[in-house]
């Protein structure tokens, strides 16, 4: 698209790969429109797939497919019948501002067969400006891009000096980047001061903040698991992904999909934690201290038991396990009718306590959570939430654990199982067991970041 000079003062440019575009991109643009009323147009600059960062090499979907997905997403974003985000916004009575009249797509990169740097976009737009235009060009970027500005192989001195003089950057918050610290490091390493402002999430209804935990990687991995995508992007855009299947191809260099790779990493972590726990319980057994273990699993579906029993020598400690997946299973274990939420501290402690009484294990670990699958109309705001408990003959204690709600079901199961083992190991590692009275070894607290509840029985 062509940019008229008089429009640029009220335009924000948003460079992205669109691989694919999701609610996280669209809601970031929405935040900008709410926070900066002077901005009346958002121009999404769609990548040709050639990344200017030499450290980033990835297979990217065909540019025309990505264009169609982004175009459909912008058409449907503020339609409550097509967009889950718009439906939530309608319920909160705060209408979405981003719409087909103020959102545009630039495909200028498509005519180039090489990577196009941010500075080159900057110069092309700058050439359209009269010389007496003094206002800066506005760019929406992530904190990671500022980090890359410190690298002279990605941004030359002349490039970054020009960007700093004539550009203003609206920076998206990202958990792993402290924006002000990153900007200060840029000043220190390259003597460059950027005009910047952090994008605030507060203008959005709180109910929409969860979508900003999405990423394009998550959307790609969810397509590889056949999960429903309408929680990630508008329905028509999701349908295009189902139709084109741009993220299912495998090549010689990509033997496993991104999703399979992430699951393997979690499985490896789980195996490592299992070995670590076995070594600890071996030491306890050698000292005639409590060491036997039983499990109650719900949302993890037996993955924890499978991991522990596949660890050679764990039979010395592992007594038994049960998977109480449905309501009737919980009823049978607890010997009562369960009519309250299964995902709660009360439930996980009761399950652990009852199974400890039944098995006589020194320790019972229990968990109950909401692993998925991810759905467009999520039935519960507890997606990705899990409660853990351990029970002994005298004590039961629980913590809550919150994961990113947009992971796939299998990822959640593996993450929950790993987090439960990690929590239990940390407690064993920092406390001493009183073997004489078999009291809980964990009376001093729990791992930082978890919320805790404890009962003595």
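No value in this document is a laboratory result; all are computed from the given coordinates. Remember, it's a predicted structure, so these values are computed and weren't measured experimentally. A quick note on method: Cβ atoms are made from the backbone with ideal geometry, for glycine too, and the neighbour counts reach across all protein chains shown.
Here are a few things to note about the model shown:
- Dividing the mean sequence gap of close Cα pairs (under 8 Å, 6+ apart) by how many residues region 5-244 holds gives a relative contact order of 29 percent.
- Degrees between helix 23-35 axis and first principal axis of the chain (Cα, 0 to 90, nearest 10): 60
- Between the helical axis of 157-166 and the longest alpha-carbon principal axis of the chain there is an angle of about 80 degrees.
- Rg/Rh (Cα only; Kirkwood hydrodynamic radius) as it applies to region 272-421: 0.97
- The value of relative contact order for the chain, using C-alpha pairs under 8 Å at least six residues apart, is 14 percent.
- Pairwise Cα distances in region 112-215 exceed 17 Å for 58 percent of all pairs.
- Translational diffusion coefficient (Stokes-Einstein; Kirkwood radius from C-alpha pairs) of the chain at 10 °C, 1.306 mPa s, in µm²/s: 64
- Note on the chain: helix-only mean residue ellipticity at 222 nm, from DSSP H runs of 4+ residues weighted -39500 (n - 2.57) and normalised by residue number, equals -12000 deg cm²/dmol.
- Inter-label distance for residue 310 and residue 198, nm, one decimal - labels placed 7 Å from Cα along Cα-to-Cβ: 4.2
- Cβ-based exposure ranking for 181, 409, 87, in which fewest neighbours within 10 Å come first: 181, 87, 409
- Fraction of antiparallel bridges per DSSP, the chain only, in percent to nearest 5: 40
- Gain on full extension, evaluated as 0.36 nm per residue between residue 239 and residue 111 minus their Cα-Cα distance, stands at 43.4 nm.
- Rounded tilt (10° steps) of 345-359 against the dominant C-alpha axis of the chain: 30
- Rounded to two decimals, the Cα radius of gyration of region 5-244 over 2.2 N^0.38 Å is 1.00.
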